[in-house]
Amino acid sequence: MSGRFHPWGQFLPVRRQRLGQDDSAGRAVGAGAATGADRDRRGSRELAPNHPHVVRIEGRPANTELTGAISLTDLVRQSLRMRPDRLVVGEVRGAEICDLLTAMNTGHEGGCGTVHANSTADIPARLEALASLGGLPRPALHAQLAAALDAVIHVARDDSGSRRVADIAIFVREPRTGLVRSECAVQFRPNGGSVLGPGGRQLERMLER
């Protein structure tokens, strides 16, 4: 989903519906077949879905006069004004996580984004750090996270340099603390095999929706 890849792999938080499909196309990760009214919004130009109802918008840094910058936060907010059916952010690396989670909690299902982290278990902590840049406190972040995101797809790089889906984890909210943690649902081995994890049954129920 992103033009830059972390040596530990990519992690794609996903909002509902079909998971485990081609992570290079936002529509495959989101809902199923598109309709004439479907529109996607995104924040980078790495994705190029072949669909007539896709609007691509891209951020840019400031010029030499320190003007003209367009941040991903600006893109997310402007995208919401276009009333999209799906919102796909190429990479979440700052305060725009607050706007993305807000969008996914206001009827914009089928969205996703990319974030770099050490492991699936570290995703909540990574999102906490990003949310703090936008002034979102920890309890609010976990409440939004629990309501907005269902699963994360881990895309790793093998020793050969090729990238593959290494595992899929689901998000589980602890009743006592209210904090969200990730739980492995399925691991994919380099030889093509797979192993179900503790969250495997929950992932199956999600796929049946």
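The values are calculated or read from the model by the stated rules, or taken from the named source; none is laboratory data. Quantities reported herein were computed from a predicted structural model and do not represent experimental measurements. Ideal geometry is used to build each Cβ from the backbone, glycine not excepted, and the neighbour counts take in all protein chains shown. Side chains are part of the model used for accessible areas, which takes the heavy atoms of the whole protein and leaves out ligands, DNA and RNA. Shrake-Rupley method; radii C 1.70, N 1.55, O 1.52, S 1.80 Å.
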Here the residues within the stretch 92-123 that are out of contact with any His (no Cβ under 6 Å at 6 or more places or on another chain), closer than 20 Å to R181 by Cβ and surrounded by fewer than 20 Cβ atoms within 10 Å (Cβ to Cβ) are N105, N118, S119, A121, D122
Only one of Q10, Q78, Q17 is modelled with pLDDT under 75, of a type outside the set (D, E, K, R) and open to solvent by 30 Å² or more (accessible area, probe 1.4 Å), namely Q17
*asked:* Taking the conditions exactly as written (of a type in the set (D, E), more than 25 Å from L72 (Cβ to Cβ) and open to solvent by 40 Å² or more (accessible area, probe 1.4 Å)), does D159 satisfy them or not?
replied: yes
Problem - Residue match in the stretch 173-186 (condition: open to solvent by 40 Å² or more (accessible area, probe 1.4 Å), at pLDDT below 90 and at negative phi) - result: no
For the stretch 163-177 the number of residues that are within 21 Å of the chain's Cα centre (by Cα), over 11 Å from P124 (Cβ atoms) and not charged (D, E, K, R) is 4
Here the residues within the stretch 81-91 that are open to solvent by less than 70 Å² (accessible area, probe 1.4 Å) and either assigned to a strand (DSSP E or B) or under 15 Å from G110 (Cα atoms) (or both) are P84, D85, R86, L87, V88, V89, G90
